[in-house]
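Written out below as structure tokens is the structure these notes cover.
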Amino acid sequence: MSVPTRRIIEPVFGKPVLVAANNGIVSWTKNTSLSQFQKGTGWQAELYGGVQSGDDWAACYIPVQELYVTQFESAQWSWYQTATETMGLSIVIWIHDPNDFDKRAEVTQLANVAGLDKAAGWNSHEFNTATDQMFFYGENTTGTGLTAGTLYSWDDFQADVLFKNWVIYRVSLDWGWEASGTFEASYLAEVKLNGSYIPIRPDETEIDQAYKSSGVFTSDTGVKATPGRVEWITVSGAGTVQINDSVADGGTDVWSITLGSGGYIHAILKIDCATGIFIDVPSGAPGIVVGYL
């Protein structure tokens with residue numbers, strides 16, 4: 001008698017993953033103002049671009065189970081901006097040859113394109129596949145009829161002799177990538193891809209690391225004036241950062257780290273503080289986020 005077998009099929013769109021580089025910072029956060037209770041799951045992806053120099057960004061990655069380029073027809077998302085910026089929260093569609101992973105490209109929406117909201121407050125966007133707003137860069141894309149860096153519609157990629165046979169392995173919503181200025185925090189609340197609603201929330205294993213977020217701050221900050229526990233800390237920038245068990249500067253040091261120029265760290269700490277939580281921040285640090293209970 002044969003042994004029965006059963007395979008658990010993964011969904012087409014996976015659970016969100018937060019990623020950042022250089023001056024960018026990401027964290028999972030609960031709603032941080034009354035207006036932000038209006039949308040989403042109760043969790044939001046906080047994306048902070050920081051000081052911009054062309055390669056500073058924060059993003060929410062959504063894994064995809066190799067959906068063919070020709071099958072991806074729609075997307076929409078909503079987010080809250082704390083400030084008006086020169087660019088909005090834009091979509092990037094990551095594709096590769098399903099038979100040769102050396103052949104890949106990212107197809108990026110121009111983030112300052114007309115129609116993509118950029119104002120402070122709540123914004124939303126419905127992806128138009130017919131608008132010339134997408135450009136690509138990649139590796140080993142010989143054979144395509146499209147030119148890297150030139151704006152095309154998503155429909156053009158679906159019709160291209162090369163890319164129409166490729167598959168999507170990831171979709172991301174990106175914040176930053178500007179040449180100058182500072183991108184303040186934005187909060188991604190809702191995403192729908194091909195009609196499928198993607199819950200924006202941390203994985204179950206991340207829940208205890210993201211119970212409450214301080215939001216991004218750049219100077220000495222009292223995070224909590226009563227006993228608590230620091231779950232994690234994300235630091236971007238140079239200098240020495242200290243966590244004090246106190247309600248003001250000068251309390252007992254319970255953790256510190258020194259980073260050099262361009263430094264970045266995300267540390268899981270779980271440090272109990274008997275009095276309060278105060279963060280001593282070096283002058284000019286681009287940004288710090290603390291998760292705490």
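The values are calculated or read from the model by the stated rules, or taken from the named source; none is laboratory data. Note that this is a predicted model, so its numbers are computed, not measured. For neighbour counting, all protein chains shown are included, and Cβ atoms are generated from backbone atoms with ideal geometry for every residue, glycine included.
As a summary of the residue check, Phe37 satisfies the conditions (1) aromatic (Phe, Trp, Tyr); (2) surrounded by fewer than 18 Cβ atoms within 10 Å (Cβ to Cβ); (3) more than 17 Å from Ala189 (Cα to Cα) except for the one numbered (3). Within the span defined as segment 187-194, every residue fails to be surrounded by fewer than 16 Cβ atoms within 10 Å (Cβ to Cβ), β-branched (Val, Ile, Thr) and under 25 Å from the mean Cα position of the chain (by Cα).
Could you look through segment 195-206, keep only residues that are modelled with pLDDT of 85 or more and surrounded by fewer than 16 Cβ atoms within 10 Å (Cβ to Cβ), and pick out the one that is farthest from Thr41 (Cα to Cα)?
Within segment 195-206, the subset modelled with pLDDT of 85 or more is 195-202.
From what's left, surrounded by fewer than 16 Cβ atoms within 10 Å (Cβ to Cβ): 195-197, 199.
Values: Gly195: 17, Ser196: 15, Tyr197: 11, Pro199: 7 Å.
Restricting to residues being modelled with pLDDT of 85 or more and surrounded by fewer than 16 Cβ atoms within 10 Å (Cβ to Cβ), the top hit is Gly195.
Candidates are the residues of segment 41-95 that are of a type in the set (D, E, K, R) and touching a Gly at 6+ places or on another chain (Cβ under 9 Å); the one that is nearest to Ala20 (Cα to Cα) is Asp56. Considering (1) surrounded by 18 or more Cβ atoms within 10 Å (Cβ to Cβ); (2) free of Cβ contacts under 8 Å to residues at least 60 places away in the same chain, the lone condition that Thr252 does not fulfil carries the number (1). Going residue by residue through segment 137-155, is there one that turns out to be closer than 18 Å to Gln109 by Cβ and among the charged types (D, E, K, R)? Checking segment 137-155: at least one residue is closer than 18 Å to Gln109 by Cβ and among the charged types (D, E, K, R).
Go through (1) surrounded by 20 or more Cβ atoms within 10 Å (Cβ to Cβ); (2) on the phi > 0 side of the Ramachandran plot for Gly181 and report which single condition fails. Just one mismatch for Gly181, condition (1).
Scanning segment 249-264 for residues being among the small types (Gly, Ala, Ser) and at pLDDT 85 or above gives a total of 1.
Residue-by-condition table, conditions (1) within 30 Å of Ser35 (Cα to Cα); (2) touching a residue at least 24 places away in the same chain (Cβ under 8 Å); (3) touching a strand residue (DSSP E or B) at 6+ places or on another chain (Cβ under 8 Å):
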site	(1), (2), (3)
Trp94	no, yes, yes
Gly121	yes, yes, yes
Leu146	no, no, yes
Leu151	no, yes, yes
Asp155	no, yes, no
Val161	no, no, no
Val167	no, yes, yes
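Scanning segment 247-275 for residues that are of a type in the set (Gly, Ala, Ser) and on the phi > 0 side of the Ramachandran plot gives Gly250, Gly262. Among the residues of segment 207-230, is there at least one that is on the phi > 0 side of the Ramachandran plot, surrounded by fewer than 18 Cβ atoms within 10 Å (Cβ to Cβ) and modelled with pLDDT under 85? So far as segment 207-230 goes, no, none of its residues is on the phi > 0 side of the Ramachandran plot, surrounded by fewer than 18 Cβ atoms within 10 Å (Cβ to Cβ) and modelled with pLDDT under 85.
Restricting segment 137-168 to residues that are in contact with a Phe, Trp or Tyr (Cβ under 7 Å, 6 or more places away or on another chain) and closer than 10 Å to Val69 by Cα leaves a set whose member that is surrounded by the fewest Cβ atoms within 10 Å (Cβ to Cβ) is Val167. Would it be correct to say that Thr131 is surrounded by fewer than 20 Cβ atoms within 10 Å (Cβ to Cβ), at pLDDT below 95, of a type in the set (S, T, N, Q) and in the same structural domain as Thr86 (by TED's automatic domain parsing)? Against the criterion (surrounded by fewer than 20 Cβ atoms within 10 Å (Cβ to Cβ), at pLDDT below 95, of a type in the set (S, T, N, Q) and in the same structural domain as Thr86 (by TED's automatic domain parsing)), Thr131 does not qualify.
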